[in-house]
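The values are calculated or read from the model by the stated rules, or taken from the named source; none is laboratory data. In this text the structure is predicted, and so the values were computed from the model without any measurement. Every residue, glycine as well, gets a Cβ built from its backbone with ideal geometry; the counts of neighbours run over all protein chains shown. These accessible areas exclude ligands, DNA and RNA; they are computed on the full protein's heavy atoms, side chains included. Shrake-Rupley method; radii C 1.70, N 1.55, O 1.52, S 1.80 Å.
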Amino acid sequence: MNRAVLRTQLAGVARHPARLLLTGLAVLVASFTVCATMLAQQVTERTLLQNLSGTPEQVAFVLGDESAPAPAHALDRVRAVPGVAEAVGRFATGVQLGTGSSGAYLQVTADPGTGPLALARAVEGRYPQARYEIAITPRTADRMSLAVGSVLHARTGPDTPPVDLTVTGVVETPYDFGAQSYALAETVVALAPDGPSGRIEVRLADGASESEVRLRLRQVLDSEPRPTMSDGQQLPVPGLRTGAEVRAEEAVAALEEIETIFTFVSVFVAVAVIAAALVVASTFRIVFAQRTRQLALLRAIGAGRGGIARALAVEGAVTGLVASVTGVLAAFAVGYGLPPLSGLFGAQILGPGTPPPAALAVVAGAVLLTVGAVLAPARSAARVAPLAALRTAQTTASRRDIGVLRLGAGLLLAAAAVGSALLVGTMLPGRDPENYDPMPVLLGVVASGLLAFLALMLLGPLLVRPVLWIVGWPLRRLGPVGRLAVGGIGGAPRRAAAISVVVALGVTLIAGVLVGSASIQVLADREMALSTPADFEVTADGQPIPAAVADQVRSRPELAHTAGYRRLDELHVDADPQAAYDANDLDLAALPALGGVDVEAGSLAEAGPGRVVLAGYLADILGKHSGDQLTLSREGRSVQVKVVAVLPGAAPLHSSMILDRTDLDRLGAAAGFTGILADAARPGEDGRTAGQQALHRIAADSGGLGVVVLADERDAHQDVLNAVLWIAIGLVGLTVLIAVVGVGATTALSVVERIRESGLLRAVGLSRAGLRTMLTTESGLYGVLGAVLGLLLGVPYAWLAVRALGLDAPLVLPVPALAGLFAALVALTALAGVLPARRASRVSPVTALGADD
């Protein structure tokens, strides 16, 4: 009998390939995702090992490293070693341009410019061929208003005579920071007062013996004098490594970062797999409910519950096998097809390695996942009574209770989630925590979130109806179609809960990423505004800057929002000689970047003479609050001030406090400015370049001034934040994709399950368009329910996670982004039901009313 039951179920699978596709679609997507991730890691690692080493392939030996660099004076002796075809010194030094010691900084790096060991290639003019000739990068040319033929007056130190450097060309290099130049090694040696050091790369001549050359190079290094450090100890002898060893070390260092990234990715892939298991369980529950009469007839003719459950489990295994094999083959097609396709666009990407072990592991895991997800629906379906053969399949689909055991377990998990969240709240650190380890607290947040999600899975059918009653209110007011759609979801709460929970999982993750990134963005903006409140800063190497320079900056059309400031050190609070602090008199209203700085207490608008704005850490140290009085003293001068505001972190420009100009005068501050801040008048790289050029002209005319581009540092931090945000959204999007697949599969299966209901609605007058709208709206309601539940979980847990990291970030709700997420999920889930709805609308009422299973 058991074999007959098994043959019956497998024959049904063969007769309904569309049902096999729908039930296995989530497994297919999950298998594709897992296999594609494994292949992507292989492709990335092999490409890194082949192409992304910083040492050219032709380098046979490398002399020196960071701990024991090779001296520049050893370069000529290395070149003279028999068997050495080329030796290149990787040395670098820095020079100050203009007069004084505070001119613009320019890095000069040694490179041959031609040959197999060159890292810089001339794209305009020619590469330097003599001492004191340099080639600059394109961004350096724009930022410093330089061109081929320009002559720069450079100093290597405050007491050294200037040297004229001639720009002979513009070079293309792997990196361009905007203050870089390249030259022959002899130029770098001449510009370094104490002699540069770094590493020497060696290329062998054809036919040279590697072992003999290695021995001679070692003799050169051993015979070099060893410099003495400041503590009296001698520097170690520079190391000698093969080029292959260095490239392997560089590749391993890069691979460590890649492995960390893919470990992070695997967490989200695991979440996507869990979502796939939930979708599979839900779709098989619907499929088995549709076959209630068939299963009941098998029971009536003698089939046992165990035999039916095993047969249904085997059906799930077959579905998982077919779907996983299809998903793995699709991943292989992408993995092996991408390298030749990328070659058409000039990118060199290597293909993945040998795939069979990984492929078999993915297929086996998918089959086990499917069987595990099918067991619960199979056991439930096997308990059908033989008398159910006299009923229709639809009567079993609308059960609304969840049972006492499930209710008790759900409430227990919910209580545990709330309790663990409250416990985590007591463990959150304060401002500037010391020796804080975030990992235990983060694990507590994850554990609490997992408990909450498990509670949602168990209590979902009970939560669907009240949430649906609220969110479905507008639809019920739109007419019969809206009421039918809401009733269709509410009539099968278990099915609605099963799919909505998967959608909620994806929404929880994405909402958490959005809320967390918005909160961290506010914190980053606040810190960057305090440390880099403008695009540029003019400095004078400790000397006061005349007020006339600030007037020149204000007069330049390329610049805007100019603000000079003075800094005063060695301030004592309340006559405490043990601790000294610093203050500046920056006008917080003069720079737009400081307009968004929030306060912990008090108000910045009350700042003025006799008043002080304290950094948060200083307020904690002093135990002072807004409204308290302080006595500041320095070198016999003192002033009494009132605390009018306390900032969450440091004060602008990393100071401890902000004072009024008059109070700084009373404490003995010099008349000239410590620095001058300014913004570019126009946005973008062109506006920034124009502003920097204007400041360089002012600095050159005034003498002794330097220009720092603060905006570059701000942009670098922002680029990192943006990259992390989009990577995280892309990863959690895998879960949303599987959720949308689940919605489409559920809607398609429910169309088959409710075909008689659809025929009856058509028979009583519902048009095809009305039926399509009703079913599409039902699909969209899955997204509404999941989005609401996901937002309720995602927002608080995102805030807990941010605080658990030890970041003093405020809770920020990015309402437009969350609203866009809500609308996108509703639209995607609605679109997932379009095709099933069109299929249902094409069935004639007579055919639908005559269908049963």
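Taking segment 634-645 as the search range and keeping residues that are within 17 Å of LEU571 (Cβ to Cβ) and not charged (D, E, K, R), which one is farthest from the chain's Cα centre (by Cα)?
Among those that are within 17 Å of LEU571 (Cβ to Cβ) and not charged (D, E, K, R), it is GLY636.
Looking at this structure, is VAL252 β-branched (Val, Ile, Thr), at pLDDT below 90, assigned to a helix (DSSP H, G or I) and touching a strand residue (DSSP E or B) at 6+ places or on another chain (Cβ under 8 Å)?
When the stated conditions are applied, VAL252 does not pass them.
Quick grid of which residues meet (1) within 30 Å of SER519 (Cβ to Cβ); (2) under 43 Å from the mean Cα position of the chain (by Cα):
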| position | (1), (2) |
| --- | --- |
| PRO592 | yes, yes |
| GLY610 | no, no |
| TYR617 | yes, yes |
| SER655 | yes, yes |
| ASP660 | no, yes |
| ASP663 | no, no |
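Take the residues of segment 564-578 that are charged (D, E, K, R) and touching a strand residue (DSSP E or B) at 6+ places or on another chain (Cβ under 7 Å): which is most open to solvent (accessible area, probe 1.4 Å)?
We begin by selecting, within segment 564-578, every residue charged (D, E, K, R); these are 566-567, 569-570, 574, 576.
Within this subset, residues satisfying the condition of being touching a strand residue (DSSP E or B) at 6+ places or on another chain (Cβ under 7 Å) are 566-567, 569-570, 574.
Working: ARG566: 15, ARG567: 74, ASP569: 81, GLU570: 112, ASP574: 74 Å².
Step by step, filter segment 564-578, then rank; the result is GLU570.
Pairs under 8 Å by beta carbon, first residue without any contact (Cβ under 8 Å) to a residue 40 or more places away in the chain in segment 631-649, partner open to solvent by 10 Å² or more (accessible area, probe 1.4 Å) and charged (D, E, K, R), six or more apart or different chains?
So the pair list comes out as ARG637/ARG666; VAL639/ARG666; VAL641/ARG611; LYS642/ARG611; LYS642/ASP628.
If the requirement is being over 30 Å from VAL418 (Cα atoms) and within 31 Å of the chain's Cα centre (by Cα), which of these qualifies: ALA801, ALA827?
After ruling out the rest, the residue left standing is ALA827.
Given the criteria more than 28 Å from ILE545 (Cα to Cα), modelled with pLDDT under 90 and in a loop (DSSP other than H, G, I, E, B), does ASP598 qualify?
Judged against the criteria, ASP598 is a match.
Cβ-Cβ below 6 Å, separation at least six or inter-chain, first residue in segment 595-619 and touching a residue at least 60 places away in the same chain (Cβ under 8 Å) and over 19 Å from THR631 (Cβ atoms), second assigned to a loop (DSSP other than H, G, I, E, B) and open to solvent by less than 40 Å² (accessible area, probe 1.4 Å): which pairs?
Correct list of pairs: GLY616/LEU647; GLY616/PRO648; GLY616/GLY649.
Kindly indicate which of PRO480, PRO474, PRO493, PRO544 is within 30 Å of ALA104 (Cα to Cα) and modelled with pLDDT of 80 or more.
After applying the criteria, what remains is PRO544.
Go over the candidates ASP587, ASP551 one by one and state the one that is assigned to a helix (DSSP H, G or I) and either open to solvent by 60 Å² or more (accessible area, probe 1.4 Å) or in contact (Cβ under 8 Å) with a residue 40 or more places away in the chain (or both). Write out each step before concluding.
Working: ASP587 fails: assigned to a helix (DSSP H, G or I).
ASP551 is the lone residue from the list that is assigned to a helix (DSSP H, G or I) and either open to solvent by 60 Å² or more (accessible area, probe 1.4 Å) or in contact (Cβ under 8 Å) with a residue 40 or more places away in the chain (or both).
If we keep just the residues of segment 468-501 that are buried (at least 19 other Cβ atoms within 10 Å of the Cβ) and within 35 Å of the chain's Cα centre (by Cα), which is nearest to VAL741 (Cα to Cα)?
Top of the filtered list is ILE499.
Of the residues in segment 652-703, how many are of a type in the set (Val, Ile, Thr), open to solvent by less than 30 Å² (accessible area, probe 1.4 Å) and either under 25 Å from SER145 (Cβ atoms) or assigned to a loop (DSSP other than H, G, I, E, B) (or both)?
3
If VAL515 satisfies every condition in (1) out of contact with any strand residue (DSSP E or B) (no Cβ under 8 Å at 6 or more places or on another chain); (2) within 30 Å of ILE676 (Cα to Cα); (3) open to solvent by less than 10 Å² (accessible area, probe 1.4 Å) but one, which is the exception?
Every listed condition holds for VAL515 apart from (2).
Which residues, counting only those in segment 186-197, are touching a residue at least 24 places away in the same chain (Cβ under 8 Å), in a loop (DSSP other than H, G, I, E, B) and at negative phi? Give the derivation first.
So in segment 186-197, the residues touching a residue at least 24 places away in the same chain (Cβ under 8 Å) come out as 186-193, 195-197.
Narrowing the set further to residues that are in a loop (DSSP other than H, G, I, E, B) leaves 192-193, 195-196.
Correct list: ALA192, PRO193, PRO196.
Return yes when GLY820 is in contact with a helix residue (DSSP H, G or I) (Cβ under 8 Å, 6 or more places away or on another chain) and either open to solvent by less than 50 Å² (accessible area, probe 1.4 Å) or under 23 Å from ILE510 (Cβ atoms) (or both) and no when it is not.
It is false that GLY820 is in contact with a helix residue (DSSP H, G or I) (Cβ under 8 Å, 6 or more places away or on another chain) and either open to solvent by less than 50 Å² (accessible area, probe 1.4 Å) or under 23 Å from ILE510 (Cβ atoms) (or both).
Go through (1) hydrophobic (A, V, I, L, M, F, W, C); (2) open to solvent by 40 Å² or more (accessible area, probe 1.4 Å); (3) at pLDDT below 70 one by one and return the number of the condition LEU298 breaks.
Answer for LEU298: the failing condition is (2).
Test TYR581 against the stated conditions and say whether it is touching a strand residue (DSSP E or B) at 6+ places or on another chain (Cβ under 6 Å), of a type in the set (Ser, Thr, Tyr) and in contact (Cβ under 8 Å) with a residue 40 or more places away in the chain.
Judged against the criteria, TYR581 is a match.
Which of the helices (runs of 4 or more DSSP H) found entirely inside segment 734-853 contain at least 3 residues meeting this: modelled with pLDDT of 85 or more?
Values: elements: 755-763, 768-804, 815-832, 834-842, 845-850.
Of the helices (runs of 4 or more DSSP H) lying wholly inside segment 734-853, those with at least 3 residues that are modelled with pLDDT of 85 or more span 768-804, 815-832.
Give segment 594-611 a look and list any residue that's open to solvent by less than 50 Å² (accessible area, probe 1.4 Å) and touching an Asp or Glu at 6+ places or on another chain (Cβ under 8 Å), or say none.
If the condition is that a residue be open to solvent by less than 50 Å² (accessible area, probe 1.4 Å) and touching an Asp or Glu at 6+ places or on another chain (Cβ under 8 Å), then GLY608, GLY610 are the ones that fit.
Looking at ARG803, ARG768, ARG762 in this structure, which one is basic (Lys, Arg) and open to solvent by 60 Å² or more (accessible area, probe 1.4 Å)? Please lay out each step first, then the result.
Details: ARG803 fails: open to solvent by 60 Å² or more (accessible area, probe 1.4 Å); ARG762 fails: open to solvent by 60 Å² or more (accessible area, probe 1.4 Å).
Going through ARG803, ARG768, ARG762 in turn, just one is basic (Lys, Arg) and open to solvent by 60 Å² or more (accessible area, probe 1.4 Å): ARG768.
One line per residue, one yes/no per condition, for (1) in a strand (DSSP E or B); (2) surrounded by fewer than 15 Cβ atoms within 10 Å (Cβ to Cβ):
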position	(1), (2)
HIS73	no, yes
VAL81	no, no
GLN96	yes, no
LEU106	yes, no
PRO112	no, no
ALA118	no, no
GLN129	no, yes
ALA141	no, no
ALA154	yes, no
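For the subset of segment 162-185 comprising residues that are touching a strand residue (DSSP E or B) at 6+ places or on another chain (Cβ under 9 Å) and assigned to a loop (DSSP other than H, G, I, E, B), which member is most open to solvent (accessible area, probe 1.4 Å)?
PHE177
VAL843 fails exactly one of the following numbered conditions: (1) closer than 26 Å to ARG494 by Cβ; (2) open to solvent by 60 Å² or more (accessible area, probe 1.4 Å). What is the number of that condition?
(2)
Can you tell me which of (1) surrounded by fewer than 21 Cβ atoms within 10 Å (Cβ to Cβ); (2) assigned to a helix (DSSP H, G or I) is the one PRO557 doesn't meet?
The number of the failed condition is (2).
Inside segment 516-541, can you point out the residues that are among the aliphatic types (A, V, I, L, M) and at pLDDT 85 or above?
Within segment 516-541, ALA534, VAL538 meet the criteria.
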